Amino acid sequence: MAYVAVSALSHPGLLRERNEDSLAVGPWTLCATVTENPQTLVFPLGEHPLTVAVADGLGGHPGGHLASALAVRSIAALGPALDSEDALRDALQDCNRALYEAAGGDQDTDLTAMGTTIAGLVVRPDSVLIFNVGDSRVFAHSSDGLRQVSVDDSPPLHPGQRTTSMVTQCLGGSPGYRDVEPHIIAVPRTPGERYLLCSDGLTDPVAPEALDAILREHDDGRAAFELWRAAIEEGGPDNITVALVRIGDDDA
């Protein structure tokens, strides 16, 4: 029987006072808090899909931790209903609207312009939906190496610049309401494949080559731990959230 193993952790890093990242693994959520060690959850893959998502509350905006928590709780609550591209797109748009309303809507409040990125995947019996809004990322990893399958909503980088903290769209994040255009792709499901979902607290300090090397050497919880440690060894400048998703088959 096919199954999905998800190993995850979330940590504030070394410089931030608060963790503003949140994550959802099926119905389980971890909102703006800290895991001391990676947690691995295993789900049977039956007729209903499994959703995993990472959200990174916008730094420099109010209520980032509230925004990321609202986003992942909304996605987790929908659960099996996220079985198509249209359903996923509508859910992200509804979440965008809910964030705007939670921040006070047209009224100027202490939470005005709170927002969050989100990136994740929906594992279906025969395929995987990959989605994102903002610059949190989804990577696929195989024997061919690491490749990014999400699309960064970021301005073009200058020559020699590898990262930027600016985003061109997110959920919420604006004093006035605006729709979002989620990036969603469908790919075939292959037993044994792995996906890395993470906030930019991992990808900003740690180069893709180092991520690939860790994933080639380690699996599941140990891989999640080593990814986190790599970010810490680079100074841990931001919140670090990692979810490593492995799709397996007991009959393989």
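Could you look through region 206-218, keep only residues that are touching a residue at least 12 places away in the same chain (Cβ under 8 Å) and either within 15 Å of S7 (Cβ to Cβ) or under 17 Å from the mean Cα position of the chain (by Cα) (or both), and pick out the one that is surrounded by the fewest Cβ atoms within 10 Å (Cβ to Cβ)? The extreme case among them is P208.
The condition of being open to solvent by less than 30 Å² (accessible area, probe 1.4 Å), among the hydroxyl-bearing types (S, T, Y), free of Cβ contacts under 8 Å to residues at least 40 places away in the same chain and in a loop (DSSP other than H, G, I, E, B) does not hold for S154. Considering (1) over 16 Å from the mean Cα position of the chain (by Cα); (2) within 16 Å of L202 (Cα to Cα), the lone condition that P12 does not fulfil carries the number (1).
For region 31-44, check the following and say yes or no: at least one residue is closer than 30 Å to Y100 by Cβ, within 13 Å of the chain's Cα centre (by Cα) and in contact (Cβ under 8 Å) with a residue 40 or more places away in the chain. Checking region 31-44: at least one residue is closer than 30 Å to Y100 by Cβ, within 13 Å of the chain's Cα centre (by Cα) and in contact (Cβ under 8 Å) with a residue 40 or more places away in the chain. The strands (runs of 3 or more DSSP E) found wholly in region 18-118 and carrying at least 2 residues that are touching a Leu at 6+ places or on another chain (Cβ under 6 Å) and either modelled with pLDDT of 95 or more or of a type in the set (A, V, I, L, M, F, W, C) (or both) occupy 21-25, 50-57. Out of G221, G248, G236, one residue alone is assigned to a loop (DSSP other than H, G, I, E, B) and in contact (Cβ under 8 Å) with a residue 60 or more places away in the chain. It is G236.
Inside region 59-78, residues that are out of contact with any Ser or Thr (no Cβ under 6 Å at 6 or more places or on another chain), touching a residue at least 40 places away in the same chain (Cβ under 8 Å) and closer than 15 Å to D110 by Cβ make up a count of 6.
Can you tell me which residue is farthest from I247 (Cα to Cα) among those in region 188-218 that are outside any helix (DSSP H, G or I) and of a type in the set (S, T, Y)? Only one residue fits best here, namely S199.
Total residues in region 13-30 satisfying the condition of being out of contact with any strand residue (DSSP E or B) (no Cβ under 8 Å at 6 or more places or on another chain) and touching a residue at least 40 places away in the same chain (Cβ under 8 Å): the figure is 5. When restricted to residues that are open to solvent by less than 10 Å² (accessible area, probe 1.4 Å) and either hydroxyl-bearing (S, T, Y) or closer than 18 Å to G64 by Cα (or both), region 81-102 contains 4.
Tally up the residues in region 120-147 that are free of Cβ contacts under 8 Å to residues at least 12 places away in the same chain and assigned to a strand (DSSP E or B), please.
Adding up the residues that qualify gives 1.
For region 158-171, state whether one or more residues are surrounded by 17 or more Cβ atoms within 10 Å (Cβ to Cβ), in contact (Cβ under 8 Å) with a residue 12 or more places away in the chain and farther than 19 Å from S10 by Cβ. Within region 158-171 (the criterion being surrounded by 17 or more Cβ atoms within 10 Å (Cβ to Cβ), in contact (Cβ under 8 Å) with a residue 12 or more places away in the chain and farther than 19 Å from S10 by Cβ), the answer is yes, since at least one residue qualifies. Residues in region 125-150 that are crowded, with 19+ Cβ neighbours inside 10 Å and farther than 21 Å from H218 by Cβ: 10 in all. For region 172-187, filtering for residues that are in a loop (DSSP other than H, G, I, E, B) and either among the aliphatic types (A, V, I, L, M) or open to solvent by 30 Å² or more (accessible area, probe 1.4 Å) (or both) leaves 7. Scanning region 219-239 for residues that are buried (at least 19 other Cβ atoms within 10 Å of the Cβ) and in contact with a Lys or Arg (Cβ under 9 Å, 6 or more places away or on another chain), we see that the one that is farthest from T51 (Cα to Cα) is G236.
The values are calculated or read from the model by the stated rules, or taken from the named source; none is laboratory data. This one's a predicted model, so the numbers in the text were calculated from it and none came from an experiment. Quick reminder, even Gly has a Cβ in these numbers, built from the backbone with ideal geometry, and neighbours come from all protein chains shown. Ligands, DNA and RNA are excluded from the accessible area calculation, which covers all protein heavy atoms including side chains. Shrake-Rupley method; radii C 1.70, N 1.55, O 1.52, S 1.80 Å.
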